[in-house]
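Below is one structure, written out as structure tokens, with a few remarks after it.
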Amino acid sequence: DSGTFLGLGTVTGSVAIHIAFSLQRLYYVKEAHGIVVTDLAFVPESQSGQELLGGHEAALLSVAVDSRCKLHLLPTRRSLPVWLLLLLCAGLIVATILLLQLAFPGFL
């Protein structure tokens with residue numbers, strides 16, 4: 001719906017979710033269906049869609065020739081906050097300077 005993810009259904013019944021711009025695979029179920037996947041649809045990001053998503057990042061519905069419909073939920077990816085990354089970098093710089101000062105007295 002938003003163009004962030006790409007859903008893929010295969011002839012063998014496998015289902016995958018990729019990041020649209022880099023094609024990095026985030027989710028894969030081998031042979032989720034017994035036969036050819038015929039249709040895929042992402043759950044829309046509307047109010048009713050958010051209720052179905054819960055705490056997940058995306059949801060994909062897959063339909064196959066075996067007349068089964070399955071829901072695939074993509075868990076929310078974790079990432080570091082920017083402030084924590086900057087704090088870690090600053091700590092690394094301070095630690096490097098202290099180690100250099102310890103190894104080479106009079107360095108600074």
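The values are calculated or read from the model by the stated rules, or taken from the named source; none is laboratory data. Model, not experiment: these values are computed from the prediction. As a convention, Cβ positions derive from the backbone with ideal geometry for all residues, glycine included, and neighbour counts pool all protein chains shown. All accessible areas refer to the heavy atoms of the entire protein, side chains included, with ligands and DNA or RNA removed. Shrake-Rupley method; radii C 1.70, N 1.55, O 1.52, S 1.80 Å.
Please work out which residue is surrounded by the fewest Cβ atoms within 10 Å (Cβ to Cβ), limiting yourself to segment 71-99 and to residues that are without any contact (Cβ under 8 Å) to a residue 40 or more places away in the chain and in a strand (DSSP E or B). Spell out how you get there, then give the answer.
First pass over segment 71-99, keeping only residues without any contact (Cβ under 8 Å) to a residue 40 or more places away in the chain: 71, 73, 75-76, 78-99.
With in a strand (DSSP E or B) added as a condition, the list becomes 71, 73.
Values: Leu71: 10, Leu73: 17.
Going through the qualifying residues, I end up with Leu71.
Does Leu102 qualify as being open to solvent by 70 Å² or more (accessible area, probe 1.4 Å) and not aromatic (Phe, Trp, Tyr)? Break it down stepwise before answering.
On the way: open to solvent by 70 Å² or more (accessible area, probe 1.4 Å): yes; not aromatic (Phe, Trp, Tyr): yes.
Yes.
Among the residues in segment 35-47, are any closer than 24 Å to Gly13 by Cα, assigned to a loop (DSSP other than H, G, I, E, B), touching an Asp or Glu at 6+ places or on another chain (Cβ under 6 Å) and open to solvent by 70 Å² or more (accessible area, probe 1.4 Å)? I'd like the intermediate steps shown before the answer.
Step one: list which residues in segment 35-47 are closer than 24 Å to Gly13 by Cα, which gives 35-44.
Retained after the next criterion (residues that are assigned to a loop (DSSP other than H, G, I, E, B)): 35-36, 43-44.
Keeping just the survivors that are touching an Asp or Glu at 6+ places or on another chain (Cβ under 6 Å) gives 35, 44.
After this cut, where a residue has to be open to solvent by 70 Å² or more (accessible area, probe 1.4 Å) as well, the list is 35.
The answer is yes; a qualifying residue exists.
Among the residues of segment 1-34, what is the count of those that are open to solvent by 50 Å² or more (accessible area, probe 1.4 Å), closer than 17 Å to Ala64 by Cβ and outside any strand (DSSP E or B)?
Total satisfying the criteria: 5.
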